[in-house]
1. Any chance you could count how many residues in the range 316-333 are over 21 Å from residue 301 (Cα atoms) and in contact with a strand residue (DSSP E or B) (Cβ under 8 Å, 6 or more places away or on another chain)?
2. Of 171, 159, which residue is under 27 Å from residue 251 (Cβ atoms) and touching a Lys or Arg at 6+ places or on another chain (Cβ under 9 Å)?
3. Conditions first: (1) touching a Pro at 6+ places or on another chain (Cβ under 8 Å); (2) buried (at least 16 other Cβ atoms within 10 Å of the Cβ); (3) over 18 Å from residue 368 (Cα atoms). Residue 228 passes all but one, so which condition is the exception?
4. Scanning the range 238-269 for residues that are of a type in the set (Ser, Thr, Tyr), out of contact with any helix residue (DSSP H, G or I) (no Cβ under 6 Å at 6 or more places or on another chain) and surrounded by fewer than 21 Cβ atoms within 10 Å (Cβ to Cβ), which turns out farthest from residue 45 (Cα to Cα)?
5. So which of 222, 278, 297 ends up being free of Cβ contacts under 8 Å to residues at least 40 places away in the same chain and either out of contact with any Gly (no Cβ under 8 Å at 6 or more places or on another chain) or exposed (fewer than 14 other Cβ atoms within 10 Å of the Cβ) (or both)?
6. When the residues of the range 210-219 are filtered to those that are out of contact with any strand residue (DSSP E or B) (no Cβ under 8 Å at 6 or more places or on another chain) and surrounded by 12 or more Cβ atoms within 10 Å (Cβ to Cβ), which remaining residue is nearest to residue 69 (Cα to Cα)?
7. Give the residue that is surrounded by the fewest Cβ atoms within 10 Å (Cβ to Cβ), with candidates limited to residues of the range 97-144 that are part of a helix (DSSP H, G or I) and on the phi > 0 side of the Ramachandran plot.
8. Within the range 343-366, how many residues are among the aliphatic types (A, V, I, L, M), touching a Lys or Arg at 6+ places or on another chain (Cβ under 9 Å) and within 30 Å of residue 99 (Cα to Cα)?
Amino acid sequence: MPLIPFNRPHTVGTEFGYISEAIAAMHISGDGRFTQRCSGFLEELLDVPRALLTTSCTHALEMSALLLDIQPGDEVVLPSFTFVSTANAFVLRGAKPVFADIRPDTLNMDERGLERLLSPRTKAIVPVHYAGIGCEMDAILKTAKKAGVPVVEDNAHGFLGKYRGKYLGTFGALSALSFHETKNFSCGEGGALLVNDPRYLERAEIIREKGTDRSKFFRGEVDKYTWQDLGSSYLPSDILAAFLFAQFEAKETIHAERRRVWEYYHSRLRDWAGRNGVSLPFVPEHCTPSYFMYYLVLPSPESRKALIRHLAEREIQGVFHYLPLHLSPMGRKFGGKEGNCPVTEGISERLLRLPFFIDLNESDLGRIVEGIVEFSP
């Protein structure tokens with residue numbers, strides 16, 4: 001019986017032709033023809049002022065920290081239940097992460113406890129759209145506006161997801177996207193910074209180009225370029241952009257196929273989950289998922305371990321997800337301790353992610369669901 005892995009990268013068939021085209025154009029470094037096509041695609045689709053392709057979502061977040069002039073001693077509020085990059089990007093500038101707990105339903109930052117986490121040192125709020133289901137952005141933006149603090153969306157999971165009919169990633173002053181191998185649209189490693197607040201447009205371009213005004217030079221706006229600001233090399237190769245653009249062109253197909261997998265799980269596991277005290281992803285009526293992942297929240301840590309083992313015996317790979325950042329060795333250095341984020345602590349040790357990629361066929365999905373419903377927590 002062949003192994004059903006947790007993830008398998010997908011190609012649409014035109015990637016290699018575009019890569020050959022990029023090579024033939026003799027511009028395979030950053031900001032080539034395909035980089036510009038990808039940026040234009042994102043700007044038009046999402047209706048944002050600027051989309052800057054980056055080498056990763058991590059780098060897009062690091063650019064955000066530079067754009068917000070994060071300094072040692074500043075504080076940034078973010079969920080404990082997230083990938084380490086969400087914190088690292090700001091800690092690298094000297095900020096202290098202030099860990100927020102998550103809602104027990106969507107597993108997103110709990111906006112109801114946000115205001116009490118703010119202080120005069122707070123310089124950013126960073127919501128994460130977990131599993132591609134939107135955070136309660138109305139409440140988060142209201143709290144942020146009252147405090148005069150910018151919002152940076154970590155939208156690594158949420159490309160094409162919506163909140164109240166508007167695309168995720170278009171609410172905050174800045175937003176970071178991921179095109180990592182595990183994401184819906186991928187070029188292996190890649191990301192993008194969405195600049196939604198025009199105040200950051202010019203500086204974002206400079207930071208991305210090693211702190212220089214090189215982009216202005218290439219547009220003929222200056223006769224030479226030089227060092228203007230802090231920055232680094234955040235531009236992806238045009239070869240990666242060529243791969244990504246092929247996937248963007250197949251947007252409708254990829255999105256529909258991921259929805260197919262998500263809805264297969266959701267419809268066929270609902271009764272089993274209800275009988276066994278298992279929680280499935282919750283989607284508020286005003287949210288549209290990106291269909292990034294599908295997970296189960298088991299009744300206990302022991303039942304999760306048992307189900308992982310049960311599936312492994314059937315050559316099905318189920319995996320856990322984030323460990324609470326506030327309980328990590330680094331998180332404890334910033335004051336994290338047990339009980340700080342009780343929902344995060346409970347969810348983290350009980351959540352199980354199911355295989356999720358668009359090449360899962362009916363037979364694969366049937367085998368996975370059959371393996372799960374045979375199990376009793």
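1. Within the range 316-333, residues that are over 21 Å from residue 301 (Cα atoms) and in contact with a strand residue (DSSP E or B) (Cβ under 8 Å, 6 or more places away or on another chain) number 1.
2. Only one candidate passes the filter, namely 159.
3. (1)
4. 267
5. Working: 278 fails: free of Cβ contacts under 8 Å to residues at least 40 places away in the same chain; 297 fails: free of Cβ contacts under 8 Å to residues at least 40 places away in the same chain.
Just one listed residue meets the conditions, 222.
6. Restricting attention to the range 210-219, the residues satisfying the condition of being out of contact with any strand residue (DSSP E or B) (no Cβ under 8 Å at 6 or more places or on another chain) are 213-214, 216-219.
Still in the running and surrounded by 12 or more Cβ atoms within 10 Å (Cβ to Cβ): 213-214, 216-218.
Values: 213: 18, 214: 21, 216: 22, 217: 25, 218: 27 Å.
Among those residues, the one meeting the criterion is 213.
7. Within the range 97-144, the first condition is being part of a helix (DSSP H, G or I), and the residues that meet it are 111-113, 115-117, 130-132, 137-144.
Next, only the ones that are on the phi > 0 side of the Ramachandran plot stay: 131-132.
Details: 131: 24, 132: 27.
The residue in question is 131.
8. Within the range 343-366, residues that are among the aliphatic types (A, V, I, L, M), touching a Lys or Arg at 6+ places or on another chain (Cβ under 9 Å) and within 30 Å of residue 99 (Cα to Cα) number 3.
Read-outs: derived from the displayed coordinates by stated rules, not from any lab. Quick caveat: nothing in here was measured; it's all calculated off a predicted structure. For neighbour counting, all protein chains shown are included, and Cβ atoms are generated from backbone atoms with ideal geometry for every residue, glycine included.
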